[in-house]
Amino acid sequence: MDGSSVALVEEAKATERAEKTPGELVAKAIVPVKREFLRPPPLRPCNDVASDSKYTPSTFVKEKKSKRQLKRERRQEQKSALNICSEIAKTGNVNACPYNEKCRFSHDLEAYKAQKPDDLEGSCPFTSAEGACPYGLACRFSGTHKDGVAAGNLNLHKKNSEINGLNKDVQKLLWKNKIRFPKADAKLKLLGLLGKANSKIKTFEDKGEGDLKVSNGTHATNDNSCGELVIDSDNKVEGSPKMPEEDDVEGFATDEPRPTKKIKSATNEECCTGNADNGASVQEKDLGKSCAQIEPESATDNIFSESDGSLKLHPREKKLIDFREKLYLAPLTTVGNLPFRRVCKMLGADVTCGEMAMCTNLLQGQASEWALLRRHSAEDLFGVQICGAYPDTVARTVELIDQECEVDFIDINMGCPIDIVVNKGAGSALLTKPMRMKNIIEAASGIVDKPITVKVRTGFLEGRNRVDSLIADIGQWGANVVTIHGRSRQQRYSKLADWEYIYQCARKAPEALQVLGNGDIFSYLDWNKHKSGCPELSTCMIARGALVKPWIFTEIKEQRHWDISSGERLNILKDYVRCGLEHWGSDTKGVETTRHFMLEWLSYTYRYVPVGLLDVIPQQLNWRPPSYFGRDDLETLMASDSAADWIRISEMLLGKVPPGFTFAPKHKSNAYDRAENG
Ligand SMILES: Cc1cc2nc3c(=O)[nH]c(=O)nc-3n(C[C@H](O)[C@H](O)[C@H](O)COP(=O)(O)O)c2cc1C
């Protein structure tokens, strides 16, 4: 079909839509937009945002480069004028860097200044903070810096607002496999789970879970990824954004490659590795004694004290959290990053949770994975989510997080549907292995006083729901909360969430186990319906509803449909940009990382149709928006499903994209039934 015939077909479809009654549109899951706002869809070669626009050239899939080649290119890029050494940028003094010519970054201040793009509009996000901007001359808002104020310390800035950074010393010990896990191992031994047959913890050379990479792009791990991305010189997403301090702040984790030589597992098999048969009968005092016999190689090699009283496996007093009525923003890989969570907090979310982090990657000290555990001071009720296939990996991760991070609860993802996770036996695969599920929950909950929560789907296979038969056990095993996403793994996002089944499970749950429902909540009426439909539910979790309209939390709190204006929506994006620049940095890299994640988010926000344009209120999450005009140009732009228009929005807030810019959303939001991580 040529262009003009496509246009005719589209126009005919639009006319047909305009002739349908609101009821007929709803029956077809199309948003019933008032007739006067409808318009024919703009002409595009195809409806796939990834191939849309001049910004996404067909060369998007690049040839695969070897690790060595990538490393060489990275080094060259670091030395180029684009990447000024942070010490020099901070002070403006070319002699300020203690590494001199050994520094990996450019010291050519004049060349840097010559190529530095003009400042962006707006003011530096750090100017109101104590001290001055930690990015100094490299800040894209440096013109707004106060003269004569020395650049601030990035670490200090972050310390004031962000916690849960991985300590560099701990990271090195993790790399060397020299951290020991007395609580986890004692508990595993007690449960008879520390024997070789059960232990799946691998050394770095093992190509097991640790090499987990996710093919569909929703979550990739080992070499920088998982939602926190690094943008390379072409601004193509490669992995996790390197937190600035990973490079240059003493004491924080780094993305430097781990040592390659074969490392012996520090687990003392004789002492701590139990025998699967005898574990359950081992006496507590014997456990304590045998573990205490291990001589750490040096005092600093063993960060956990051997005389830790917690080795005594007395049942712990859990610090319980009452989730009732609390508005819970779901864990969301990639898009549920710290700046997004801050925005949701501003708009009324009560509970936030980090993006899913893989246990094996955390245990290997991968900085990009640890970045997923970061928490902002605004997140006053915060949990992290982990995913693992075996009790030992999960229990050790829980012990490590308990030791290293400040979190209010730890959630175990037992619902992740993506193949690479499921194929390793983690995520929703656990729904087919109740014994493994039991062992994981018992081991994890037995070693910390923080609540252990689990997130599940209804079951693995369509029509074979499992959770109702497990729910009493889940409580018995030690979980304090279970969140049920009302779909099976097989179902992914197709069909509506089965809330009747969620209610059934909630009614069967023991009193001590709080049950949270999850699926398709998109308005305060959805929320009210589930809360009143099943008083046994403690609360509900909101995922895509918050992505598409983060003000859903305000709507629920204020019990209204907010006919939000495009200007108000833009202000929310501005807040995100400010939080993004604070988190990822106000230098070029930080700006582009912020842009990248904002674009990921914008690949959801266009699905919102303003209340004032609707024939039927409220909009439902599974309805597809037709093409329509907004009440002003900005509203029309915000309704676009084109990546080029999302980029235009980003340019309103973060300046022009660099030459050769490409963007394709990780989660293709126009594919309504794609699998995500939960
Ligand atoms: C982009 C995206 C990322 C997600 N990442 C996670 C995750 O990291 N962990 C998780 O348990 N669920 C994840 N999920 C699933 C959601 O938390 C939630 O269970 C699911 O979307 C159903 O809720 P909803 O209908 O409100 O969207 C993700 C969902 C989306 C759309």
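The values are calculated or read from the model by the stated rules, or taken from the named source; none is laboratory data. Everything numeric in this text was worked out from a predicted model, so none of it was measured. Reconstructed Cβ throughout: ideal geometry from the backbone, glycine too, with neighbour counts over all protein chains shown. Calculation scope for accessible area: heavy atoms of the full protein, side chains included, ligands and nucleic acids excluded. Shrake-Rupley method; radii C 1.70, N 1.55, O 1.52, S 1.80 Å.
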The range 522-563 and the range 366-396: distance between their alpha carbon centers, rounded to Å: 26
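Around residue 94, what is the net charge, scoring Lys/Arg as +1 and Asp/Glu as -1 over all other residues with Cβ under 13 Å from its Cβ? Don't skip to the end; give the middle numbers.
Working: positive: 90, 113; negative: 87, 101, 108, 110.
Around residue 94, the charge tally is -2.
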Relative contact order for the range 584-676, counting Cα pairs under 8 Å that sit 6 or more residues apart, in percent: 31
Restricting the range 86-129 to GluC sites (Glu not before Pro) in coil, as DSSP defines it, with at most 13 other Cβ within 10 Å: 121
Accessible surface of the range 584-676, 1.4 Å probe, proportion on carbon and sulfur as whole %: 52
Relative contact order (%) - the range 71-153, alpha-carbon pairs under 8 angstrom, separation at least six: 29
Note, ³J(HN,Hα) from phi for the range 470-486, Karplus 6.51, -1.76, 1.60, rounded to Hz, x at Gly and Pro: 9, 4, 5, 5, 3, x, 4, 5, x, 6, 9, 9, 10, 9, 10, 7, x
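Counting alpha carbon pairs within less than 8 Å and at least 6 residues apart, what relative contact order, in whole percent, applies to the range 328-562?
On the way: 478 pairs, mean separation 39.0, N = 235.
Value for the range 328-562: 17 percent.
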Debye intensity ratio I(q)/I(0), log10, the range 328-562, q values 0.08, 0.14, 0.17 Å⁻¹ (C-alpha model): -0.26, -0.85, -1.29
Selection from 478, 395, 541 lying farthest towards where the dipole of the range 328-562 points positive, charges on Cβ: 541
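Could you sort out which of 345/574; 90/589; 34/495; 65/666; 189/319; 178/438 sit more than 19 Å apart by Cα distance in this structure? Write out the running numbers ahead of the final one.
Numbers: 345/574 15 Å; 90/589 16 Å; 34/495 26 Å; 65/666 21 Å; 189/319 25 Å; 178/438 28 Å.
Long pairs (Cα-Cα over 19 Å): 34/495; 65/666; 189/319; 178/438.
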Using θ = phi - 60° and Karplus 6.51 cos²θ - 1.76 cosθ + 1.60, couplings along the range 518-533 (whole Hz; Gly, Pro as x): 8, x, 6, 6, 9, 7, 5, 5, 4, 4, 4, 4, 6, 5, 7, x
Peptides 372-380, 564-572, 599-607 ordered by average Cβ neighbours within 10 Å, highest first: 599-607, 372-380, 564-572
